[in-house]
Amino acid sequence: MPMIIGKVSNNEKKVKFNEEIRCTNCRKQVPGGLQAGEAYYQTKSFKIELENFKKSYLCGICRDKKRRE
Ligand SMILES: [Zn+2]
């Protein structure tokens, strides 16, 4: 399942795109594409949300570690 940036309504068309995403802790690159709603994609708030997502992204391993600490 690709990760979705922002909110997508049920009947809205989705845009698939690729973005280089790295874990902010171990710097491992995370494979897989992202999706956004067609109306939201490339808007200013979309770009801000994508930046925030990338700034706070943790891979599964680091997320598990953080949860256990
Ligand atoms: Zn990591």
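Every number here is computed from the coordinates shown, using simple stated rules; none is lab data. Predicted model only: the values in this text are computed from it and were never measured. Please note: Cβ atoms are built from the backbone with ideal geometry, for glycine as well, and neighbour counts cover all protein chains shown.
Helix 44-56 and the long axis of the chain differ in direction by around 10°, with both axes built from C-alpha atoms. Given their separation in residues at 0.36 nm each and the Cα-Cα distance between them, Phe17 and Lys65 gain 14.4 nm when the chain is fully extended.
Amide H to amide H distances under 5 Å link Arg22 with Val30, where only residues 5 or more positions off or on other chains count and H is placed in the peptide plane. Summed over qualifying helices (DSSP H, 4 residues or more, each -39500 (n - 2.57)) and divided by its residue number, the chain shows a 222 nm mean residue ellipticity of -9500 deg cm²/dmol.
Fewest-first ordering of Glu20, Glu51, Glu12 by other beta carbons within 10 Å of each residue's beta carbon gives Glu20, Glu51, Glu12. Applied to the stretch 4-16, the Karplus parametrisation 6.51 cos²θ - 1.76 cosθ + 1.60 on θ = phi - 60° returns per-residue 3J(HN,Hα) values of 10, 9, x, 9, 10, 6, 3, 9, 7, 6, 9, 9, 9 Hz, with x for Gly and Pro.
Find the all-direction average of the projected area of the Cα convex hull for the chain, expressing the result in square nanometres with one decimal place. Don't jump to the answer; show the numbers that get you there.
Values: hull surface 20.4 nm².
Over all viewing directions, the chain projects a mean Cα-hull area of 5.1 nm².
Couplings for the stretch 18-26, taken from phi via the Karplus curve 6.51 cos²θ - 1.76 cosθ + 1.60 with θ = phi - 60°, read 10, 9, 6, 10, 10, 4, 6, 9, 9 Hz in order; Gly and Pro are left as x.
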